[in-house]
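Rule-based calculations on the coordinates, nothing more; no lab input. On a predicted model such as this, the values are computed, not experimentally measured, just so you know. All Cβ positions, even for glycine, are placed from backbone atoms using ideal geometry, and neighbour counts span all protein chains on display.
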Amino acid sequence: MCIMKLDLWFPTPVYSVMIDSHESMNAQLTEVIRQHQQQHPSIQASNMLGYHSQSDLHQQQDYQGLVSELNHAMREIESQEAITQPCELVNLWFNVNPVGSHNAEHTHPRSDWSGVYYVQTPANSGVLHLQDPRDRAHSQELKLKPQQETNPRLWRDTRYQPQPGLLLIFPAWLRHSVGINLAQPNGEASDRISISFNFVQKWFD
Ligand SMILES: [Fe+2]
C-alpha cells in the first residue's frame with residue numbers, strides 16, 4: 001500500500017472528437033484534395049515522400065464545413081483551458097501519404113494549438129506518434145516495466161490510431177511524427193489523407 005501522497009503537475013492536453021457528419025464531408029474533401037493535388041506541386045515540410053499542400057486552404061470555400069467544426073472544437077477548448085482571448089484558425093493544409101512515406105518529428109512553431117483531421121486512413125497507413133514534451137525526462141532512461149504494464153503517466157511516448165472523422169487538437173509545442181505508410185496494396189486507396197491546421201490566440205480584438 002502506498003502511503004505517500006502523489007502530486008502530478010503539468011499534464012499535456014490532447015483533445016479528440018469524432019465528427020458526426022464525417023462520411024459525407026470526407027467524400028467531398030477527398031474529391032477536392034485530389035483535384036488540388038493534380039493542379040499544384042507539393043510543398044516540402046515534415047513530409048517524407050508524401051504530398052503537402054499549401055497552407056491557406058482555410059480560406060477556400062470547399063473547406064468551410066471542416067473549418068466550422070474546427071472553430072466549434074476550439075471554442076470548447078478555450079473554455080476548458082481558461083483561455084480569455086479567442087484562438088484564430090491561421091492555416092490549414094492537407095497531407096497525402098502514399099505507401100512508403102511518413103512525416104518526420106516536428107512541432108508547429110509560432111502557433112498555440114495544432115491538430116489533425118483524418119480523411120482516409122487505410123489499415124497500417126501510419127499512426128500518429130506523440131512525445132513526452134519534457135525533454136529532460138528522455139535523458140533519465142530508468143529501467144521500466146513494458147509500457148502495457150505501466151500507468152500512462154510514466155510513458156515517454158504514445159500514439160493515436162487514425163480513423164476517418166477523428167479530430168485531434170493539442171498544444172503546438174508537442175513534438176509529433178507520423179509512421180511509415182505500410183498499407184497494401186500500393187495505389188490511391190492505400191493513401192493516408194489528413195488535414196492539419198494551426199490556431200493562434202488573438203492578442204487584441
Ligand atoms: Fe504536425
On Cα atoms only, tilt of 22-39 relative to the major axis of the chain in degrees: 60 degrees
Fully extended contour minus Cα-Cα distance, from I43 to K143, at 0.36 nm per residue: 31.9 nm
Cβ-Cβ FRET estimate between E188 and Q54, R0 fixed at 25 Å, reported to 0.05: 0.75
Per-peptide average of other Cβ atoms within 10 Å, ordering 55-68, 128-141 highest first: 55-68, 128-141
Segment K202-D132, length gained on full extension (0.36 nm per residue, minus Cα span): 22.5 nm
Tilt relative to the chain, helix 64-80 - C-alpha long axis, 0 to 90 degrees, to 10: 20 degrees
Contact order normalised by residue count of the stretch 1-81, Cα under 8 Å, 6+ apart, percent: 24 percent
Gain in span if fully extended, S79 to R110, counting 0.36 nm per residue against the direct Cα distance: 9.0 nm
Cut-off 14 Å (backbone N to label point 7 Å along Cα→Cβ of N71), residues of the stretch 77-112: 86-91
Peptides ranked, highest mean first, by Cβ atoms within 10 Å: ranges 178-191, 13-26, 93-106: 93-106, 178-191, 13-26
